[in-house]
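The values are calculated or read from the model by the stated rules, or taken from the named source; none is laboratory data. Quick caveat: nothing in here was measured; it's all calculated off a predicted structure. Cβ placement follows ideal geometry from the backbone for every residue including glycine, while neighbour counts extend to all protein chains displayed.
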Amino acid sequence: MSTIILRLLHNANISIEEISKKSQIPLDALVNATEEPIEFWTIRELNAFAESLKIKPGELLEELQPSTYILDIDDDAQTIQGVNISNLENYYAIRAVVEAEHLEGWNPVAADITYLNNQIVNPDSEFIKDVESALNEYDVNTEE
């Protein structure tokens with residue numbers, strides 16, 4: 001449970017501290033909520049997380065509740081998990097990564113696909129530096 005909500009917050013660049021200040025819910029209560037099953041959250045906690053992510057509490061609940069996972073890929077509409085990727089080259093690149101990682105156990109949600117697409121369109125330069133630094137440690141050539 002905690003990995004899903006924390007991943008959603010990370011992808012949206014939102015900290016639990018920010019949510020605590022804005023919602024006036026104690027920080028430790030929100031941290032504890034991320035470590036508990038959704039069934040133990042208070043309505044205030046669910047609402048605070050949803051509001052910070054700019055989604056309805058019901059939508060957040062759907063994202064967080066365990067269910068049968070379906071990887072939804074539609075080549076005709078160029079969508080993955082319902083997210084349209086307008087650039088065909090980017091669509092196939094993201095699709096390849098998603099399918100490969102899905103085989104390894106990753107179950108991406110729409111927010112993950114949006115994040116991947118955003119990273120292709122507007123890459124985070126700090127993240128790229130971190131990756132290149134890590135690859136250089138293993139003598140992997142990153143020059144084209």
| request: Taking the residues in region 16-40 that are at pLDDT 95 or above and part of a loop (DSSP other than H, G, I, E, B) as candidates, determine which candidate is surrounded by the fewest Cβ atoms within 10 Å (Cβ to Cβ). | output: GLN24
| remark: Considering residues that are in a helix (DSSP H, G or I) and surrounded by 14 or more Cβ atoms within 10 Å (Cβ to Cβ), the number found within region 45-60 is 11
| field | region 89-117 - residue that is of a type in the set (Asp, Glu) and modelled with pLDDT of 95 or more and, of those, farthest from the chain's Cα centre (by Cα) | value | GLU89
| message | Among the residues of region 83-96, are any surrounded by fewer than 12 Cβ atoms within 10 Å (Cβ to Cβ), aliphatic (A, V, I, L, M), part of a helix (DSSP H, G or I) and outside the structural domain of ILE16 (by TED's automatic domain parsing)? | response | yes
